[in-house]
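Asks: Take a look at the following structure, please.
What follows is calculated from the coordinates using simple rules that are stated; it is not laboratory data. Given the structure is predicted, the values throughout are model-derived calculations rather than measurements. For neighbour counting, all protein chains shown are included, and Cβ atoms are generated from backbone atoms with ideal geometry for every residue, glycine included.
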Amino acid sequence: MIEVLLLGYLMAHVYAEGGADVVLSCSLVEEGVGGVSLFTRTPATLVLRDVAVPSDELSDTLTPFIPPTTPDPDLILFEAKASSTEIPNGEVLLHADCDEKEVMCEISRYFPHGSQDSKEPAYFFVSLSIEGDGLGASLVLQTLMVESDQTKGAPLIQNKLGLPLSQSGSLLTEVVFLVFSHAKAISAPLKGDVLLNCGFRQQEMPPTQEVTVEWRLQHRGTGRKVLDMRSRPTDAEEHSVVNAERKGSSVDAGLLVGEGNASMTLTKLKVSDEGTYICTVGVGLFHAQQVIQLHIIQPPRVSLSEEKLVYKAESPQTLSCLCSHYYPLDVQVCMAAVKPTYSYWLFLGFLVVTVLFFYQVMR
């Protein structure tokens, strides 16, 4: 099996009826042959059609994506219809370019669980990630049937992928499944609670379709399962099967099947909870995942060894700064001496007057 990847960044965004078109400039990366190199790269383009955005962000200055007028079988151009399966907060893709944030895009050939290795329809797995801690999404694309033009004969075939192209020379697809997260990295206090965001959308899901979600933790070369759940829309609350291996971990079964919310809550955080969490959601033939980084933090308790220190030249004294109960352990401590100034005495006088004023009022 030849694995295909697309690595890309945001190139432009344009407006289309009901949404916006997002254009990604990519590289087609194929698994190397013969051990010469691990991967080979070829320029490619990915267009997300009709990405839903708030109406107040639509502008007349945005124009729909227009494919090349002359089809080219060597050109790798994906058109993905995103209106049938909405990308939550997809408008952030429009702002990424203006915010000078790179959008990384990886696409590989995808074979759904239990499906036959056939060419039509073909599936592709897309991983989108915005630079920083913002939106991350994993999409499953399914190719659409290309209608042949009797006047022009059989449709053009893309040379590298071996798939039929539209009359404009693009590979037509639609988003049929996606898993997303609004926060790829999050910090939480020791002994506190945290919600790790993860959700999914599917084009069509029968009421009897089983939904599975699994959360795993990877940290310092080791991994373990945190929680897994199986549920159905018809009996989510009563017949969900939950296996929580970490005490205090939970996923709401009702939100999972009702709203596509697979977020996990962790209570009473410990240092051992820190690491990389992998949220994997499966519905029918499709599985996809998101990765969320959890950082545990604990501000230090800081105190001085002496509350009052009088300088004496003939007898040196030691003033120690004590820091304890903090995490992580790589912290920096800085001690500074501040001389009393006019503004210091002015503030002190104001504070005394304020205290006396409230003392008189409260009597």
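Asks: Would you grab the residues whose amide H sits under 5 Å from the one on I297? Only those 5+ places off in sequence or on another chain, please, with H modelled 1.01 Å from N.
Replies: A188, L190
Asks: So who's got an amide H within less than 5 Å of the one on A288, skipping anything under 5 residues away but keeping other chains? H placed 1.01 Å off N, in plane.
Replies: Counting only residues 5 or more places away or on other chains, the set is V281.
Asks: Per residue of region 99-105, what does 6.51 cos²θ - 1.76 cosθ + 1.60 with θ = phi - 60° give for ³J(HN,Hα)? Whole Hz please, x for Gly and Pro, Karplus curve as stated.
Replies: 7, 6, 10, 7, 9, 8, 9
Asks: In region 284-305, which residues have a backbone nitrogen under 20 Å from the label point lying 7 Å from H325's Cα in the Cα-to-Cβ direction?
Replies: The answer is 296-305.
Asks: Give me a comma-separated list of calculated 3J(HN,Hα) values for region 275-288, in order, Karplus coefficients 6.51, -1.76, 1.60 applied at θ = phi - 60°, integers in Hz, x for any Gly or Pro.
Replies: x, 9, 9, 10, 9, 10, 10, x, 9, x, 7, 9, 9, 8
Asks: A further question follows. Using the basic label-point model (7 angstrom from Cα toward the beta carbon), what is the D99 to V271 distance in nanometres?
Replies: For the pair D99/V271, the computed spacing is 3.4 nm.
Asks: A further question follows. For S250 and V23, what does the FRET efficiency come to when R0 = 35 Å and r is the distance between their Cβ atoms, rounded to the nearest 0.05? Display every interim value, and only then the final one.
Replies: Working: r = 40 Å, r/R0 = 1.15.
The formula returns an efficiency of 0.30 here.
Asks: What are the trypsin sites (Lys or Arg not before Pro) within region 230-320 that DSSP puts in a loop, where the Cβ has at most 11 other Cβ atoms within 10 Å?
Replies: On the way: sites: R230, R246, K247, K268, K270, R301, K308, K312; in loops: R246, K247, K268, K270, K308, K312.
Those satisfying the criteria are K247, K268, K308, K312.
Asks: Another question about this same structure. Report the full-extension gain for the segment H239 to T69: residue separation times 0.36 nm, less the Cα-Cα distance, to one decimal in nm.
Replies: In short, 55.7 nm is gained.
Asks: Give me the distance in nm between label points sitting 7 Å out from Cα along the Cα-to-Cβ direction at R301 and N159, one decimal.
Replies: In this crude spin-label approximation the distance works out to 7.1 nm.
Asks: Now a separate question. May I ask for the net charge around L48, where only other residues with Cβ less than 13 Å from the Cβ of L48 are counted and Lys, Arg are +1 while Asp, Glu are -1?
Replies: Cβ neighbours under 13 Å give a net charge of -4.
Asks: While we're here: At what distance in nm do the modelled label points of E314 and L38 sit from each other, each positioned 7 Å from its Cα along Cα→Cβ?
Replies: Taking the simple label geometry, E314 and L38 are separated by 7.2 nm.
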